[in-house]
1. Being more than 19 Å from residue 52 (Cβ to Cβ) and surrounded by 11 or more Cβ atoms within 10 Å (Cβ to Cβ) is the filter here, so list the residues in region 136-156 that pass it.
2. Take residue 87 and tell me if it is among the β-branched types (Val, Ile, Thr) and part of a loop (DSSP other than H, G, I, E, B).
3. In this structure, does residue 93 turn out to be touching a residue at least 60 places away in the same chain (Cβ under 8 Å) and either farther than 17 Å from residue 153 by Cα or of a type in the set (D, E, K, R) (or both)?
4. Mind counting the residues in region 16-27 that are closer than 23 Å to residue 128 by Cβ and not in a strand (DSSP E or B)?
5. Just one of the numbered conditions (1) closer than 18 Å to residue 152 by Cα; (2) free of Cβ contacts under 8 Å to residues at least 60 places away in the same chain is not true of residue 80; which one?
6. Which of the following residues is of a type in the set (Asp, Glu) and within 23 Å of residue 170 (Cβ to Cβ): 55, 137?
7. Name the residues in region 28-77 that are polar (S, T, N, Q), in a strand (DSSP E or B) and free of Cβ contacts under 8 Å to residues at least 12 places away in the same chain, would you?
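Bear in mind that the values in this text are calculations on the coordinates, not laboratory data. Note that the coordinates shown come from a computational prediction; the quantities given were computed from them, not determined experimentally. Glycine also receives a Cβ, built like all others from the backbone with ideal geometry; neighbour counts cover every protein chain displayed.
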Amino acid sequence: MQKYNDWDKIQAASGEAQTLPAGNYICKIKGAKIVTYDGKNGKFDKLEISVDIDEGEFKGFYANDYRNQAQWGDQKWKGCLRPYCPTNEDSDQARKTAAIFKGIIEAIEASNPGYKWNWDEATLKGKRIGVRFRNTEWAYNGRSGWKTQPYRFVPVNGIEKLDTPKDKPLAVNDKPQTQQQGDFQTLPDEDDLPF
């Protein structure tokens with residue numbers, strides 16, 4: 001085998017990445033920006049709010065994760081909540097979106113005495129917020145797994161009294177198909193195994 005050129009300089013991957021347990025954490029908002037998406041019914045906006053754990057055993061969790069990704073060259077901040085931005089449409093869905101968004105803003109205001117939302121997302125940076133994190137099942141390219149991600153903002157005051165959020169599994173129709181009906185594989189007899 002040929003020796004790798006920078007063998008002494010490369011950082012070994014141990015495969016033991018720290019995982020964030022589902023729960024309720026006091027966080028700090030690291031940034032917020034409007035992101036426009038193309039949907040099947042046209043364009044829509046979400047407010048991408050990046051957070052990091054600000055207290056306790058997991059303080060700085062997402063910053064550490066982001067730094068560790070540098071060795072792979074494709075860094076992505078994983079602690080994000082992406083609520084839909086409210087619109088002035090007159091529909092039940094638009095009113096629901098506005099109500100969810102207002103709940104987020106009121107939780108931020110309650111957690112930061114003296115702060116008042118002024119429709120400038122840049123003013124959210126540095127604000128404290130209670131964040132509920134839950135385990136969410138994902139599927140991509142026929143694979144699936146679980147990740148812990150933020151799903152709701154709550155006031156910092158009283159967050160310690162909340163139960164751990166319940167897991168959110170994929171809907172049955174969204175789970176990857178591991179085997180098609182009628183396409184069964186025959187396993188070899190014990191005598192045919194190579195070990």
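1. 137, 138, 139, 144, 146
2. yes
3. No; evaluated as a whole, the condition is false for this residue.
4. Total meeting the criteria: 4.
5. Result: residue 80 fails condition (2) only.
6. 137
7. 36, the sole residue that qualifies.
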